[in-house]
1. Averaging over every viewing direction, what projected area does the convex hull of the Cα atoms of region 7-111 cover, in nm²?
2. Rounded to the nearest angstrom and ordered from largest down, what semi-axes does the equivalent ellipsoid of region 145-246 get from its C-alpha gyration tensor (root of 5λ)?
3. Would you mind checking region 87-104 for residues with the amide N under 19 Å from a putative spin-label position 7 Å along Cα→C-beta of residue 34?
4. How far, in nm, would the chain grow between residue 76 and residue 163 when pulled straight, counting 0.36 nm per residue and subtracting the alpha carbon separation?
5. Stretch residue 61-residue 88 to full length: gain in nm at 0.36 nm per residue minus the Cα-Cα span?
């Protein structure tokens, strides 16, 4: 039987641990961590942020199996994923943890367990055409959004922040949504260095959607908190990469 899980019960959303600490905890509980190649683990020592989510879960007659996806954001903008398998061998026994570097290895490991596989293989008829799945839309909330946009742009300290034309368009915003774009704030490089990336999505009165990307960090000479705002996610991640590179 497949069952839904809240990942918050597994990885606390307010966990203060850094990406490096999360990696150490993951490898510390994995029975097969010694089998993981160094070249796959070494880049994670300088990760900027980390995110974990439940991938699948099955329970049957006292046996259980869950798989988790752990992803790290690196300073060069790339992401590295490790796959964790959690299961028990007999009903009521303590869970065992295993970690794999790719999803194929994870599937091979789950196949040997006395539970149904995550997704049985099947073939679609050649004449079947699958319609593209639309990307989920933002869930906007009316909340003095034009003023929120003004305050966001006002506290941005980067000289290449969005221009007056963007500010003018945002003056017509009537709803917005703020989401963290990747993981939780993490420390990288020197002790206490933190990066966070947020998307501020606005709904304008003419029906258009416009997003600003906020980078919050402490990669400053005196370690103070700094806010930068960019018109695109690519520009924001490039800025994070540049800031992180200066701290190496």
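1. 6.9
2. Values: eigenvalues 138, 34, 24 Å².
After scaling each eigenvalue by five and taking roots: 26, 13, 11 Å.
3. Correct set: 96-101.
4. Details: separation 87, 0.36 × 87 = 31.32 nm, distance 2.66 nm.
The residue 76-residue 163 span can extend by a further 28.7 nm.
5. Values: separation 27, 0.36 × 27 = 9.72 nm, distance 1.15 nm.
8.6 nm is the gain from fully extending residue 61 to residue 88.
Readers should treat all values here as calculations from the given coordinates under stated rules, not as data from a laboratory. These numbers were taken from a predicted model, which means no experiment stands behind them. Don't worry about glycine lacking a Cβ; one is built from the backbone with ideal geometry, like all the others, and counts go over all protein chains shown.
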